[in-house]
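**Student:** Have a look at this one.
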Number of protein chains: 2
Amino acid sequence: MRVALIQQRYHGSKEATTKKTLDLINRVEGVDLVLLQELHQAPYFCQEESTDWFTLAQDFEIDLEFWRWVSEERRIVLVASLFEQRAPGLYHNTAVVFDKGKIAGRYRKMHIPDDPGFYEKFYFTPGDLGFEPIETSVGRLGVLICWDQWFPEAARIMALKGAQILLYPTAIGWFDDDPQEEQRRQLEAWITIQRSHAIANGLPLVAVNRVGFEEDRSGCLKGIRFWGNSFACGPQGELLIQLSTDQEESGVVEIDLDRSREVREIWPFLRDRRIEAYSCLLERYCDGSEKNR
Amino acid sequence: MRVALIQQRYHGSKEATTKKTLDLINRVEGVDLVLLQELHQAPYFCQEESTDWFTLAQDFEIDLEFWRWVSEERRIVLVASLFEQRAPGLYHNTAVVFDKGKIAGRYRKMHIPDDPGFYEKFYFTPGDLGFEPIETSVGRLGVLICWDQWFPEAARIMALKGAQILLYPTAIGWFDDDPQEEQRRQLEAWITIQRSHAIANGLPLVAVNRVGFEEDRSGCLKGIRFWGNSFACGPQGELLIQLSTDQEESGVVEIDLDRSREVREIWPFLRDRRIEAYSCLLERYCDGSEKNR
């Protein structure tokens, strides 16, 4: 399976940005699956809390039809990352998978961050579709989104439900004021934890992140420098491709889904899980305080 | 807290090997916590399945007393990795934590591997003490053992139960016949997945592995070249120390347990876990087959 990673910046408007996305898609040849970054049509608006941005989600149905059409035209499986209006006042951060003109399924971001500059809890209701792989003509896709990548639980459940590959549309970056050493730790941690999901579950993984500096329109913070470094790794966590820190670009990687069987047979982690001893995983914190109020 | 990593080879007998362990411990100055490798008194006997090796476990009580004495003499917290006879025909791979002359607690390896050359299921009954941090004078230690390191569940539960540091006595190595590229993937995966446990849980982590080549006494396989690379990382997964691939040596690293709070406050993964959506983690595989027999 040939997978394209489309890493780009925001170009000031949805139209200009989407045009660039299509340019990048058109430049890759003979790909089966295309992964776009998180909220690829929009700026990373979660830098501020403003109701203005909810208008973007009103076009969800139009967006669906547009990206469905792209997947049909290009005969690809396409993972788009959209802002979904479910009802006025009820919005999700939603990845939609299109399979050559059909909607194959959607995933609503389950883990929602809220940190300075990443005020997603204001915009996105936590997903209620659970962690369900999406069946497509190229395989069962374990689509997760950005903050989900820090939670081994999400990747594990996708694997236990039969996902054949893990996909992470992402928007993550640095604050320029952070020391270089801290910036390096953050980037390394981001790559390391995702590679570890590949290893723990014997699955290939693709993460696509945006690039470019986006200022904080509210002026509270100085803005985010999205760090790119979109990458793919195999089921032993081995890096297969890694894009630049600051360039708009596409990458194409060949991924062999059959290698998972081979790796899992000699690294049989799924065989040895101690499920009878894992009940604590369903608790917030295992200090008993919610039982002894 | 100053932590010593003691990475060594097997010297042909328990006496000679233990003498070397004590030499290495004596060479480190002013340490609070000492971590030894998995089954540090013995060869890695699980390369073959032979009842001969069970005799080693009969000395468990003597071993306890010896390492308790070492911890008292040196005024250290010491994590030893021993072969425990619980009853004839019932054995565990057990880490024991000694705190300046007292037994602070024990952990019985929960995840037991069984691969060519690593026939541990023959020797070790899977642990029945669960994942419980051990309280000591230097903090609550999340002691896990080797194969446990491939399971994010184990690290997570230790964190949820209040562990302040994750510790992994280990015995892992290469087969010389494997291509170099495969050997590199294995070593990188081993480091990557453990760093990811530090990241996911905002905890420092120390892993100690043995070095040296040990032949397979049964002659079935050619033996294992233990790859060393004992290391420690901080709560962002940042490497703090990494020992060599093939040398017997000790390393000392300063670990600041208070950094976990700082890291967790800005990377608040524990805040956002979707525990109501994790029930699949308690299943072997989420295909429903065990319910629909």
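**Student:** Per residue, how much space in cubic angstrom lies within the convex hull of the C-alpha atoms of the range B:203-273? Provide the component values of the computation, followed by the final result.
**Tutor:** On the way: hull volume 8.1 nm³, N = 71.
Cα convex hull per residue, to the nearest whole number: 114 Å³.
**Student:** Turning to a different aspect of this structure: Kindly provide the pair-distance distribution of the range B:8-72 built from C-alpha pairs, with 10 Å bins from 0 and whole-percent values in order of increasing distance.
**Tutor:** In order of increasing distance, the bins hold 17, 52, 25, 6, 0 percent.
**Student:** Provide the net charge surrounding B:Gly101, with neighbours chosen by a C-beta distance below 15 Å and charges set as Lys +1, Arg +1, Asp -1, Glu -1.
**Tutor:** 0
**Student:** Right, next: Can you give the FRET efficiency for B:Lys121 and A:Asp177, using 1/(1 + (r/R0)^6), R0 = 56 Å, r = Cβ-Cβ distance, to the nearest 0.05? All intermediate terms of the calculation are to be shown ahead of the outcome.
**Tutor:** On the way: r = 53 Å, r/R0 = 0.94.
According to the calculation, E is roughly 0.60.
**Student:** Run the quick spin-label model on A:Leu282 and A:Leu129: label points 7 Å from Cα toward the beta carbon, then report their separation in nm to one decimal.
**Tutor:** 2.5
**Student:** Please quote Rg/Rh for the protein assembly as shown to two decimal places, taking the Kirkwood radius as Rh and restricting both calculations to Cα atoms.
**Tutor:** A ratio of 1.00.
**Student:** Counting other Cβ atoms within 10 Å of each Cβ, which trypsin sites (Lys or Arg not before Pro) in the range A:46-125 have at most 13 and sit in a DSSP loop?
**Tutor:** Within the range A:46-125, the qualifying trypsin sites (Lys or Arg not before Pro) (loop, at most 13 other Cβ atoms within 10 Å) are A:Arg75.
**Student:** Which distances, in nm and shortest first, link the B:Glu72 label point to the same label point in every other copy, taking 7 Å along Cα→Cβ?
**Tutor:** List, nearest first: 8.1 nm.
**Student:** Taking loop as defined by DSSP and a crowding limit of 16 other beta carbons within 10 Å, which GluC sites (Glu not before Pro) in the range B:190-293 fit?
**Tutor:** B:Glu215, B:Glu290
**Student:** Divide by every residue of the protein assembly as shown the summed helix terms, -39500 (n - 2.57) for each DSSP H run of at least 4, and state the resulting mean residue ellipticity at 222 nm, rounded to the nearest 500 deg cm²/dmol.
**Tutor:** Result for the protein assembly as shown, helices only: -8000 deg cm²/dmol.
**Student:** What average count of beta carbons from other chains do you get within 10 Å of the Cβ of residues in B:264-277? Can you show the working numbers first?
**Tutor:** Values: counts 0, 1, 2, 5, 4, 7, 2, 4, 11, 11, 12, 6, 3, 12.
Partner Cβ neighbours, averaged per residue: 6.
**Student:** Order of B:133-141, B:165-173, A:154-162 by packing, highest average Cβ count within 10 Å first?
**Tutor:** So the peptides B:133-141, B:165-173, A:154-162, ranked by packing, come out B:165-173, A:154-162, B:133-141.
**Student:** Quick one: dipole size for chain A, taken about the Cα centre, charges +1 on Lys/Arg Cβ and -1 on Asp/Glu Cβ, in debye to the nearest 20.
**Tutor:** Once rounded to the nearest 20, the dipole reads 800 debye.
**Student:** Related question: Could I have the simple spin-label model distance between A:Ile275 and B:Ser137, label points 7 Å from Cα toward Cβ, reported in nm to one decimal?
**Tutor:** 4.4
**Student:** Just to be sure I understand the model, the point goes 7 Å from the Cα along the line to the Cβ. What's the resulting B:Glu65 to A:Arg86 distance in nm?
**Tutor:** About 6.5 nm, to one decimal.
**Student:** Follow-up question, since we're still on this one. Going by a ≥ b ≥ c, the root eigenvalues of the Cα gyration tensor, does the range A:2-257 fall in the rounded group (a/c under 1.5), the prolate group (a/b larger than b/c) or the oblate group?
**Tutor:** Note, shape of the range A:2-257 comes out rounded.
**Student:** While we're here: Looking only at other chains, what is the average number of their beta-carbon atoms within 10 angstrom of each beta-carbon in B:153-163?
**Tutor:** 5
**Student:** Based on the Cβ-Cβ distance from B:His11 to A:Glu290, what FRET efficiency comes out when R0 is 45 Å, to the nearest 0.05?
**Tutor:** The calculated FRET efficiency here is 0.30.
**Student:** Please report the net charge: other residues with Cβ closer than 9 Å to the Cβ of B:Asp176, K and R +1, D and E -1.
**Tutor:** Value of the local net charge: 0.
**Student:** Quick one: net charge of B:Leu239's neighbours, Cβ under 12 Å, K/R +1, D/E -1?
**Tutor:** Here the count lands on +1.
**Student:** Moving to a separate point now. Using a label position 7 Å from Cα in the Cα→Cβ direction, what is the ascending list of nm distances from B:Ala87 to the same site in the other copies?
**Tutor:** Result for B:Ala87, in nm, nearest copy first: 5.9.
**Student:** Would you please give the FRET efficiency between B:Glu249 and A:Arg217, computed as 1/(1 + (r/R0)^6) with r the Cβ-Cβ distance and R0 = 45 Å, to the nearest 0.05?
**Tutor:** For B:Glu249 and A:Arg217, the calculated efficiency is 0.25.
**Student:** Taking each residue in B:236-244, count the Cβ atoms of any other chain within 10 Å of its Cβ, then average. What number comes out?
**Tutor:** Across the residues of B:236-244, the mean count of other-chain Cβ atoms within 10 Å is 3.
**Student:** In nm, what does the list of distances from A:Asp256 to its counterparts in the other copies look like, shortest first, when each label sits 7 Å along Cα to Cβ?
**Tutor:** Taking the point 7 Å beyond Cα along Cα→Cβ, the inter-copy spacings are 4.6 nm.
**Student:** Return the lysines within reach of B:Lys109: Cα separation strictly under 18 angstrom, same-chain partners fewer than 8 residues apart disregarded; answer none if there are no such residues.
**Tutor:** B:Lys109 reaches B:Lys121, B:Lys161.
No value in this document is a laboratory result; all are computed from the given coordinates. The structure displayed is predicted, hence computed values, not measured ones. Every residue, glycine as well, gets a Cβ built from its backbone with ideal geometry; the counts of neighbours run over all protein chains shown.
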